[in-house]
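Peer 1: I am attaching a structure below and will ask some questions about it afterwards.
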Amino acid sequence: MKLASKRRSGVVVAVLGGLALALTSTTANADEHTTATTTARTPGTTRTPPDAIAHRGSSGMAPENTAAAIDLAVRQRADHVEIDVQRTKDGKLINFHDCTMERTTNIEDIYPNRPRYRVSDFTWNELRTLDAGSWFHPTYTGEPLITLDNVITRINHTRAGLLAEISPCTHHTTIATDLAHHLKTKPAYLRRALARNQLAVQSFQTDDAHTFHTHLPDIPVGILNAQRPTDTELQQLSRWADQINPQHTVTDQTLVNRIHQLGMDINVWTVNEPGAIRTMAALGVDGIITDYPQTLTQH
């Protein structure tokens with residue numbers, strides 16, 4: 001998460017919902033990150049500490065993807081908050097990970113005998129009444145689900161950026177386009193977030209990531225990988241993607257160096273054990289996605 005879009009260096013002009021927005025990358029105090037270019041980095045150069053990316057918020061200490069987890073991550077000085085974007089039956093974009101809602105909500109108790117419990121099977125008015133906290137700990141009983149807009153409101157004007165994952169759930173056939181179109185309705189937020197390198201989108205589905213990129217090419221996009229990507233895949237992705245975000249267990253120095261040589265960032269997931277965090281930091285990864293961001297931010 002160190003870099004802005006490779007297609008943006010200096011002044012960026014983005015057309016957002018018919019509005020031409022001049023986005024100037026600055027090296028002032030407000031911009032703590034490095035402007036991206038397509039120039040390959042030299043392995044072994046001076047490294048800065050990896051960004052702390054709070055996985056579903058500070059989800060090791062609060063119920064994932066809730067306001068409690070987002071707010072805690074901000075208080076713990078996470079560099080970015082990672083969330084998951086899904087769409088309700090009536091088109092509301094909400095922050096939720098699983099393809100069905102039984103694990104982290106009381107949806108079966110509130111709506112018994114429904115044939116399915118997918119986010120897309122319910123309206124936002126139905127979902128907003130759910131308890132998304134008591135599964136984690138009784139302290140969080142009644143903690144509600146939150147929308148994408150709520151997440152943006154909570155982190156806007158803080159030091160925390162946003163890494164939004166496009167849901168890979170197969171019933172969301174247009175989610176990448178929906179997310180892009182929704183973000184276009186927030187030009188003020190986009191202008192500020194992009195100027196400060198505080199916004200990126202990622203997906204396990206390459207097609208979804210590319211679709212989003214075609215709509216908003218100035219927002220950095222990342223490809224999530226559970227398996228180690230091949231060099232051919234990396235070369236192809238480097239033509240338009242900004243990040244390769246692999247599982248930390250398939251990541252080594254060779255992979256980190258190659259991704260950097262191709263001008264992309266690497267953010268590894270999900271790293272919780274202190275020894276693994278130290279190992280990934282020593283490899284020179286750009287960001288560490290973790291359930292415990294305070295491990296990286298509190299020294």
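The values are calculated or read from the model by the stated rules, or taken from the named source; none is laboratory data. It should be emphasised that the depicted structure is a prediction, and the values quoted were computed from it without experimental measurement. We place every Cβ from the backbone using ideal geometry, glycine too, and count neighbours over all the protein chains shown.
Peer 1: Please determine, by comparing only the residues of region 124-164 that are surrounded by fewer than 19 Cβ atoms within 10 Å (Cβ to Cβ) and of a type in the set (Asp, Glu), which one is farthest from Cys99 (Cα to Cα).
Peer 2: Looking at residues that are surrounded by fewer than 19 Cβ atoms within 10 Å (Cβ to Cβ) and of a type in the set (Asp, Glu), I get Asp149.
Peer 1: Enumerate the pairs (first residue in region 144-172 and at positive phi and part of a loop (DSSP other than H, G, I, E, B); second residue anywhere and buried (at least 21 other Cβ atoms within 10 Å of the Cβ) and modelled with pLDDT under 95) with beta-carbon separation below 6 Å, excluding pairs fewer than 6 apart on the same chain, so at least 6 apart or on different chains.
Peer 2: none
Peer 1: Taking region 64-102 as the search range and keeping residues that are part of a helix (DSSP H, G or I) and among the β-branched types (Val, Ile, Thr), which one is nearest to the chain's Cα centre (by Cα)?
Peer 2: The extreme case among them is Ile70.
Peer 1: Now for a separate question. Any residue in region 255-268 that's surrounded by fewer than 21 Cβ atoms within 10 Å (Cβ to Cβ): show its pairings with residues that are of a type in the set (Asp, Glu) at Cβ separation under 7 Å, as long as the two are six or more apart or on different chains.
Peer 2: Going by the 7 Å Cβ cut-off, the qualifying pairs are Arg258/Asp231.
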